[in-house]
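These notes are about the structure you will find just below.
The values are calculated or read from the model by the stated rules, or taken from the named source; none is laboratory data. These numbers were taken from a predicted model, which means no experiment stands behind them. Here Cβ is always computed from backbone atoms with ideal geometry, including for glycine, and neighbour counts include all displayed protein chains. In case anyone asks, the SASA skips ligands and DNA or RNA and just uses the protein heavy atoms, side chains included. Shrake-Rupley method; radii C 1.70, N 1.55, O 1.52, S 1.80 Å.
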Amino acid sequence: YAEGQAVAQSWTEAGRWLGFAASSGLAAAQYRLAVLYERGQGVGKDLGRAQSWYARAAEQGNIKAMHNLGVAAGETVGGKPDYSLAAKWYAEAAAHGLADSQFNLAILEEHGLGVPKNLVDAYKWFSLAAANGDAEAAKQRDLVKLELPAAALSEDLQVLKAWRATPVKPEANEVTLPGQGQADAASSNKVLV
């Protein structure tokens, strides 16, 4: 229903069916439902419900939900930002290699928001985001680099070389529909014959 495949596109029906799947514990559906609540698409706009569904998905390992919780915690809508909570969720998603979270965590580290100020860690996260294609992160990395002592920079370069993203839980981030992959299996069997 969200994409209008084989049925008329309907955000209302998408929300209804995502609600069923989300309530059954499917993390990817919980994330998608949270997005609908955040935007008010097909459901009433409700940031509290959005955050609740994001939290459920994030706790199961959904990376985009982790990032969106970080964004929500860092915003000033309805009160003061909770940079400590934002840093927690950005760190979770950044560890999985999400460039936007790596960049946002670097900003928090650079300015000491929600975490102790740490230019070495800020440099690391800006560098990793830049390696993931974030041009602004490359600019920020180069600015932070000017503030680092040579010894700290050398140590950080070693850390960067050894860094590996935490593996993503596919079951929390993807949905394989029934029958997907069967066509590939059939065609590869033909090749074998």
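Worth a mention:
- Between residue 169 and residue 154, the contour length at 0.36 nm per residue exceeds the alpha carbon distance by 2.1 nm.
- Relative to the longest principal axis of the Cα atoms of the chain, the long axis of helix 150-162 lies at roughly 20 degrees.
- Ratio of the Cα radius of gyration of the chain to 2.2 N^0.38 Å, where N counts its residues: 1.24
- The chain, relative contact order [Cα under 8 Å, separation at least 6], %: 14 percent
- Checked against a 23 Å cut-off, the cross-linked pairs 80/139; 64/161; 139/169; 45/88; 64/124 give Cα-Cα distances beyond that limit for 80/139; 64/161; 139/169; 45/88.
- Estimated dipole of the chain in Debye, rounded to 20 [Cβ of Lys and Arg +1, of Asp and Glu -1, Cα centre]: 280 debye
- Relative contact order (percent, whole number), region 1-115, Cα cutoff 8 Å, 6+ residue spacing: 15 percent
- Once the C-beta distance of residue 162 and residue 82 is scaled by a Förster radius of 30 Å, the resulting FRET efficiency is 0.45 to the nearest 0.05.
- Note on the chain: GNM, Cα springs under 10 Å; of 158, 41, 140, the largest mean-square fluctuation is that of 158.
- Accessible area expressed per residue, the chain, with surrounding protein chains retained (probe 1.4 Å, Å²): 57 Å²
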